[in-house]
Amino acid sequence: MPLTPKLNVRVALLLLGAAPLCGCTVLAPAALPAGTPIADARGRLAGPVAEYPLPNGGTRLEFAQGSYGREKHMLDFDASGRLVATTQVLTEANLNRMVPGTPRDEVRLQLGRPVSVITVPWQKLQVWNYRFVGGDCVWFQISISNVTQRVTEASTGLDPACDGPNDRQ
């Protein structure tokens, strides 16, 4: 039976009304208020992609969102497990803080997991790639030495996701 516009509205209202009852997840990490317990954040959000210990004894949860992973929210919890800060970290300002000499673990703590990693064996390094809001057809690339575990170079590069089909035969 095809849905009529009137029936479509009823179905939509029914689903919206049932959403709070189903224990559905909150999709926006930034919507959690300060003081939210870490267990609630883990349960209400679609699962962190990573967790990091903070120097103050707290915990940072990483949540990736947005098309092509262009948004990365870090939720910081104090030592007692209460939310104290939420930050969208994939901004040009944060990316530009990753300068040569920055330790690998600091990059991961500040920016989270890269969208892709390219290994360059002959140079003994990895290139971590991050997409970001405002970076249309470019991504931020951070080269990290396998020897020193530190950033050797960081800059924007062309994003292969913007390449069209290759028509050359």
Completion exercise
Given backbone amide H placed at 1.01 Å from N, residues whose amide H is under 5 Å from that of GLN65, ignoring those fewer than 5 places away on the same chain, are GLU71, LYS72, HIS73
Fill in the blank from the handout: Computed over region 100-169, the relative contact order (Cα-Cα under 8 Å, seq sep at least six) in percent reads 28
Practice task
Determine, for ILE38, ILE142, the number of other Cβ atoms within 10 Å of each Cβ, and report the residues in order from fewest to most.
Solution key: ILE38, ILE142
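Each reported figure results from applying straightforward, stated rules to the coordinates on display, with no laboratory input. Computed from a predicted structure; not experimentally measured. Note that each Cβ is placed from the backbone with ideal geometry, even for glycine, and that neighbours are counted across all protein chains shown.
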